[in-house]
Structure formats: structure tokens, C-alpha cells
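The values are calculated or read from the model by the stated rules, or taken from the named source; none is laboratory data. This one's a predicted model, so the numbers in the text were calculated from it and none came from an experiment. Backbone-built Cβ (ideal geometry, glycine too); neighbour counts: all protein chains shown.
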Amino acid sequence: MHRRIIAPGALAAASVLLAIPASAASASPGAPGIGDPYYPAYGNGGYDVSHYDLRLKYQPATDQLEGTATILAKTTQDLSRFDLDFLLDVSEVRVNGAVAAFTTSGEHELEITPRTPLAKGATVTVVVRYSGIPSSKQAYGFTSWHRTADGGVGANEPEAAWWWFPGNDHPLDKATYDVSVLVPDGSQAISNGTLQSTSSRLGWTRYNWRSNKPQATYLATLAVGKFDLTTGTTESGIPVVNAYSKDLGDNAGAARASIERTGEIADWLSGYFGPYPFDALGGYVPNTNTGYALETQTRPFYSPRQFASGSNVSVVVHELAHQWYGDFVSVAGWKDIWLNEGFARYAQWLWSEHEGEGTAQELADYVYASHPADDAFWTVKPGDPGAANQFDIAVYDRGALAVQALRNEIGDDAFFALLKGWPKKHAYGNASVADFRNYAEQLSGKELGSLFDTWLFEPAKPAVPAARTAAI
Ligand code: ARG
Ligand code: ZN
């Protein structure tokens, strides 16, 4: 368009080219995935989010969610277009204030084309207005939004965000959050971090939650329902807010008896892993029938089913261990899941020892002996299990066996220094199994290649149980 007002001729054409911003000349679409081989479409390329501001309204009676997400990001390339991962219905997108074109593609891509290309290194504000019924949306045939009798909850791994906010859904892109949710009076909205304030008017109550520390998208959570809240403070001064559905029935006592020990357990874990890395803490139990718990940052999600047989402090230890191993230090790719589950399981073994219910070594010996060599258990490689086996029991149990084998190989002094040093080394960041091996070798002064191969990368039962002899 502008070419017309410039005098014709070769020289003029050249200066027109120069006048075009570099971003326009070289801008290309951001990749639809961040580059994780387990989940090629998860996350996106071309930008990095620093903050999500989610201002939402949720109607528990109908599961209707609506709101506005304001996303602060920085571009990492000249961008003609970029994606967010999202499933709900979008009515408007603005980029740096200007209305932007958008369309959907794939299972969960929202493709956004700003009016003008974005230059590499630019700060960008993206506003997405949206609405929808999260429980009605599926991707790859499943949903991570669980409807309850009095509301709903978004919690799953490795993906839950698409059902309630648009984002760059991969642990490599952590950000801070403000989650502000309007719910009918008498309902509560539970999310991560600190409850900054609540206010009521016109029959609706607003809950304002803030997460000040970088948080992976799958660790963000939202639950709406009728909850009882309890509050406390850890020995180390961290405020604790727990939330229990009013509808937990026979499981209510056991759930509370377990989760009310959150502060005590976090303090105990900090003795192994270093200071608790966040400024808020708690747990919540909606009345779902979900089979898993999840280490949603600062405030793990628990299912009533975990408490069906009585108190279950061990699951609380597991989810709180993830606050260091998983949340403070997150996987660089989903193949690194051992760094989360192997260590969270190992923390349960340390707790068992603490409670006089069997030492870590006894539990390792038990797990080793309880799976014969031809058990499919040994075919899963915890160091690279494949997406289909990401949460296989072997990632947890053989994963913890690997931790015990490492402990025996390098000795307790180096081992406990490693347990504490690792979270500090990658504070609020990401790391891989290869990074962990390098650090363990550096810290212990030992070559650990064959130990890692045997316990994490061979699809077979190791010949020697957890290399116990090395320590003797
Ligand atoms: N990280 C969770 C835990 O072990 C497991 C989540 C499993 N998710 C799933 N969809 N099965 O605490
Ligand atoms: Zn876990």
C-alpha cells in the first residue's frame, strides 16, 4: 500500500524495502508446538509468557465459564502469527490493543494473526475473551475438567489448562499468575498461591488468587464448589490454606486428618530438599471421583478416593515433595518425568522410615523382589518411558529404586547433598535427567553412566538389587 506514495524507480524501491520493519520482512509463524517429542503439539514456539491474568466468572449450576485472559509475553523470533493452546470458544483477541484475527486448528490450537508482525524481543500483551462449558470439550478424546455435584475442577497432567485458560502449555514456559474468579455467593473458587482478597456484590463473590513465583501451566488449577477452608502457618512461617468440599461424606475425616498435616510435612521435607520455595501452601479436595492426586503448585489437588481406606499422609508427602521435585524444578521435557515421580516416591519411602514403617532400603528390596524378571514392570524405562507410560507404576517404583541405587553408589553424604543441592541449582527453572546425572557425577566425583543405564534406561530387571553392596 505505501509503495504507491513513493516515487517509482529502482532507488525508491530499495528504500521502500528498507522502510519495511525487519519484523515484517523476516517474520514467520511461531511453531504450533514447543518441540517436545512426547507431545509435539503441546506448548508453542516464538514467544515466552511472563504473566497470566485471568479474570473469570463461573456458574456451577451449568458449568459455564467466561472471562478474559490477559497474557504478558515476549517474542523470541519475528512473528507473523502465533498459537495459544486452548479449547473454549473465543469471541475476541487483541494483540497490543489492536483486534487480531484468530482461528482454531488441530486438537487445541488457537492461531492468532496480529494486525502487524511482531519483532523478536518485543513485549506483547494478548487479550483473549472467551466462554464455554469446559466439561463439554474434549481433546484427543479426553477431558481434564472434572464436573462435581457443586461445580468443577481443572487438574491433570500433563495438560489441564486448555479447558480453562489459553496459554503456552508446556513446563518450559513458566509464568506468574493472577486468577480472579466470580462465583455465586455460597460457592468458593480455589486456585494456587495466596488468596489476596474476596469481595461480594449482586449475589456473586470474587476470589482473587495470586502466584508470585514462576509456575508451569499444568500446575495451575481452578476448582469451584462448596468448600470449608482451614488456615494455619508452618513452623517456618508459610501461610497454609486448605479447602475441603463440604460433600466428602465418609472420607471427610481421613482427608482432613491427612491434609491438615501439610505444614508439618513441608517443614520435614525442607530438611531434605532445602527451604520451601513458595510463599503459600495448602491442599484441596473437591468431590470428584478422580483416581489421581496432582502437585498443583503450592496447593495440591487430592481426590476423595485417596482417603477411602483411612488417613493417607503418604500421598500428602508425595504431592508436597513435588513442590521441589516437579514445581520448583520442572522437567525440561516430558521424558524427564523420573525427576518428578522417582523423587516424590522416594520421599514417601523416607517418610515411611521416619514413621518406623520400613526403611527406604527395605522398601527398595521389597519392590525389587516383588517383580519377577519377566514382569512387564521391568520393560518400562523410567528415564525415557514414552508418553504412553509416563505415569506407569514403574516410573514411580523403579524410579525410586534408581534413587536408592544412586544413594548406595555415592554414599549418604553425597546423596543428601545432592537431594538438597539439585533444587537450588535449578531454582524456578527446568532440567533434564542428563543434567541430573552430570550434577550427581560432579558432586560425587564418580562416573555414573552404567548405574543410570541399568536403573533408568535398560528395559530389563537389574541383576543386583539396588547396588547395596557398594555402600557396605
Ligand atoms: N503427578 C501426579 C502424581 O503422581 C500424577 C498425575 C497422573 N495423571 C494422570 N492423568 N494419570 O502425583
Ligand atoms: Zn507424583
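If you go through the stretch 50-68 and pick out every residue that is surrounded by 23 or more Cβ atoms within 10 Å (Cβ to Cβ) and either within 20 Å of the chain's Cα centre (by Cα) or of a type in the set (S, T, N, Q) (or both), you end up with 2. For Tyr366, the test of being within 13 Å of ligand 1 (Cβ to nearest atom) and aromatic (Phe, Trp, Tyr) is failed. For the stretch 390-472, the helices (runs of 4 or more DSSP H) that sit wholly inside it and include 1 or more residues that are of a type in the set (Lys, Arg) and touching a residue at least 60 places away in the same chain (Cβ under 8 Å) are 393-425.
Determine if the stretch 236-254 includes at least one residue that is touching a helix residue (DSSP H, G or I) at 6+ places or on another chain (Cβ under 9 Å), modelled with pLDDT under 95 and not β-branched (Val, Ile, Thr). Looking for residues that are touching a helix residue (DSSP H, G or I) at 6+ places or on another chain (Cβ under 9 Å), modelled with pLDDT under 95 and not β-branched (Val, Ile, Thr), one finds at least one in the stretch 236-254, hence yes. Of all residues being touching a strand residue (DSSP E or B) at 6+ places or on another chain (Cβ under 9 Å), away from ligand 1 (no atom under 13 Å from the Cβ) and not in a strand (DSSP E or B) in the stretch 320-335, which is nearest to Val240 (Cα to Cα)? Just the residue, please. Of everything passing the filter in the stretch 320-335, Phe328 is nearest to Val240 (Cα to Cα).
Residues of the stretch 228-245 include none that is assigned to a strand (DSSP E or B), among the small types (Gly, Ala, Ser) and within 16 Å of ligand 1 (Cβ to nearest atom).
Within the stretch 139-150, being surrounded by 23 or more Cβ atoms within 10 Å (Cβ to Cβ) and in contact with a helix residue (DSSP H, G or I) (Cβ under 6 Å, 6 or more places away or on another chain) holds for Ser144, Trp145.
Here the condition is being surrounded by 24 or more Cβ atoms within 10 Å (Cβ to Cβ), modelled with pLDDT of 95 or more and over 23 Å from Tyr244 (Cα atoms); of Val128, Val181, Val153, Val124, it holds for Val128 alone. Restricting attention to the stretch 290-314, the residues that are part of a loop (DSSP other than H, G, I, E, B) and under 17 Å from Thr221 (Cα atoms) total 12. The test for being aliphatic (A, V, I, L, M) and within 12 Å of ligand 1 (Cβ to nearest atom) holds for Ala347.
Residues of the stretch 280-289 that are part of a strand (DSSP E or B) and either within 11 Å of ligand 1 (Cβ to nearest atom) or of a type in the set (Ser, Thr, Tyr) (or both): Tyr284 alone. Determine if the stretch 197-208 includes at least one residue that is of a type in the set (Phe, Trp, Tyr), surrounded by fewer than 24 Cβ atoms within 10 Å (Cβ to Cβ), out of contact with any Pro (no Cβ under 7 Å at 6 or more places or on another chain) and modelled with pLDDT of 95 or more. Yes, there is a match, as at least one residue in the stretch 197-208 is of a type in the set (Phe, Trp, Tyr), surrounded by fewer than 24 Cβ atoms within 10 Å (Cβ to Cβ), out of contact with any Pro (no Cβ under 7 Å at 6 or more places or on another chain) and modelled with pLDDT of 95 or more. Across the stretch 347-389, the number of residues qualifying as touching a residue at least 60 places away in the same chain (Cβ under 8 Å) and β-branched (Val, Ile, Thr) comes to 2. Within the stretch 260-302, being within 25 Å of Lys424 (Cβ to Cβ) and among the hydrophobic types (A, V, I, L, M, F, W, C) holds for Ile265, Ala266, Trp268, Leu269, Phe273, Phe278, Ala280, Leu281, Leu294. Looking only at the stretch 190-204, residues that are in contact with a strand residue (DSSP E or B) (Cβ under 7 Å, 6 or more places away or on another chain), over 19 Å from Gly232 (Cα atoms) and not in a loop (DSSP other than H, G, I, E, B) come to 2 in all.
Out of Val317, Val313, one residue alone is closer than 19 Å to Tyr276 by Cβ, at pLDDT 95 or above and more than 12 Å from ligand 1 (Cβ to nearest atom). It is Val313. Which of the residues spanning the stretch 289-344 are farther than 21 Å from Ser191 by Cβ, hydroxyl-bearing (Ser, Thr, Tyr) and touching an Asp or Glu at 6+ places or on another chain (Cβ under 8 Å)? None - no residue of the stretch 289-344 is farther than 21 Å from Ser191 by Cβ, hydroxyl-bearing (Ser, Thr, Tyr) and touching an Asp or Glu at 6+ places or on another chain (Cβ under 8 Å), so the list stays empty. Screening Phe301, Phe343 for residues that are over 29 Å from Phe452 (Cβ atoms), surrounded by 20 or more Cβ atoms within 10 Å (Cβ to Cβ), at pLDDT 95 or above and within 12 Å of ligand 2 (Cβ to nearest atom) leaves exactly one candidate, Phe301.
Report whether or not Ile393 is crowded, with 24+ Cβ neighbours inside 10 Å, within 30 Å of Gly35 (Cβ to Cβ) and within 13 Å of ligand 2 (Cβ to nearest atom). Judged against the criteria, Ile393 is not a match.
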